[in-house]
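The values are calculated or read from the model by the stated rules, or taken from the named source; none is laboratory data. Since we're looking at a predicted model, the values are computed, not measured. Neighbour counts are summed over all protein chains in view; Cβ atoms, including those assigned to glycine, are modelled from backbone coordinates with ideal geometry.
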Amino acid sequence: MPFLQVSCDLDAVACQLAEDVLMEQGAMSVTLQDPGGDPILEPGPGEAPLWGRAIVLALFDEHARVDTVRRALERELGDTAVRGWRVEWLEDRAWERAWMDDFVPMRFGRRLWVCPSNARVDASDAIVLKLDPGLAFGTGTHPSTALCLEWLDRQPLQGRFVIDMGCGSGILSIAALLLGAERVLGIDKDPQALIASRENARRNGVDGRLELASPDDMPADAIADVLVANILAGVLIRLAPELSRRVRSGGHLALSGILNEQAASVTDSYTSAFELRADDGRDGWALVTGLRRPSEV
């Protein structure tokens with residue numbers, strides 16, 4: 001069966017929203033390249049990222065309505081944001097395996113690595129998260145995901161209960177478990193994301209400590225030691241009362257998916273419940289972290 005590949009040139013800060021739109025439109029996979037054609041990878045610790053724009057490539061089945069896909073992108077990103085729109089027919093082949101050939105091990109923080117199952121990491125102290133394309137809604141290549149992974153690597157997670165809001169591929173949930181969390185509750189409204197998270201957790205041998213649920217089925221008594229939410233700023237602001245009550249007194253919060261110019265609005269929504277700081281983390285994306293103030297929780 002042939003496939004349709006659509007590609008366009010976007011400002012790097014728009015890539016996460018574009019990925020969400022493309023997946024909602026039925027994309028089988030979404031990958032990023034720099035304008036020179038190389039896969040976008042995370043810089044090593046201490047290195048500056050070098051990309052300000054990105055080529056977004058999405059793979060669809062042969063029946064996809066690409067005009068509808070483009071209109072959806074323009075509706076969310078703006079008519080002038082989508083440049084270099086291109087549609088190609090691709091011959092049938094093992095695209096997931098071909099994509100995996102370009103997915104190399106990436107380090108986040110001191111210990112944590114994310115890599116495909118066909119790769120190995122030689123560092124003696126490495127904590128390795130195996131994640132293959134196909135069931136991966138996120139692999140760490142986006143700055144907001146990378147910021148969360150690096151933050152988790154710095155946290156003392158041993159014995160902690162973690163909530164991952166908007167778990168997607170499960171990458172943050174699995175990272176927390178591999179880094180020592182006792183158990184994780186992953187929440188996502190997309191049933192396919194929950195399936196992906198379960199399968200990726202199984203591949204990493206941590207599925208027995210991962211609970212998954214939709215927002216409507218989230219246990220009422222789930223109060224976390226650590227809560228991480230890598231979703232869009234508007235959603236974080238809307239969910240501030242709910243997320244705040246889900247963190248115990250003295251517990252830790254990390255919020256991402258936030259543009260630098262949105263950080264103040266997000267911080268304002270959580271400041272009554274948390275002692276907060278906002279870092280201009282990477283390529284225009286911020287990470288907001290905080291400590292839960294004493295309360296009735």
Go through segment 255-267 and count every residue that is crowded, with 22+ Cβ neighbours inside 10 Å, of a type in the set (A, V, I, L, M, F, W, C) and within 17 Å of the chain's Cα centre (by Cα). 2
Can you go through 42, 19 and tell me which one is at pLDDT 80 or above, buried (at least 19 other Cβ atoms within 10 Å of the Cβ) and charged (D, E, K, R)? 19
Every residue in segment 234-264 that is under 26 Å from residue 216 (Cα atoms) and either in a helix (DSSP H, G or I) or outside the structural domain of residue 155 (by TED's automatic domain parsing) (or both), please. 234, 235, 236, 237, 238, 240, 241, 242, 243, 244, 245
Does residue 204 satisfy the criteria of being of a type in the set (S, T, N, Q), farther than 24 Å from residue 295 by Cα and at pLDDT below 95? no
Return the residues of segment 1-19 that are of a type in the set (A, V, I, L, M, F, W, C), under 18 Å from residue 61 (Cβ atoms) and either in a helix (DSSP H, G or I) or in contact with a Leu (Cβ under 7 Å, 6 or more places away or on another chain) (or both); say none if nothing qualifies. 3
Inspect segment 244-254 for any residue being more than 24 Å from residue 16 (Cα to Cα), free of Cβ contacts under 8 Å to residues at least 24 places away in the same chain and touching a strand residue (DSSP E or B) at 6+ places or on another chain (Cβ under 8 Å) and give the result as yes or no. no
Among the residues of segment 183-192, is there at least one that is closer than 17 Å to residue 157 by Cβ and surrounded by fewer than 20 Cβ atoms within 10 Å (Cβ to Cβ)? yes
Residue identified as aliphatic (A, V, I, L, M), out of contact with any helix residue (DSSP H, G or I) (no Cβ under 7 Å at 6 or more places or on another chain) and modelled with pLDDT under 95 among 258, 231: 231
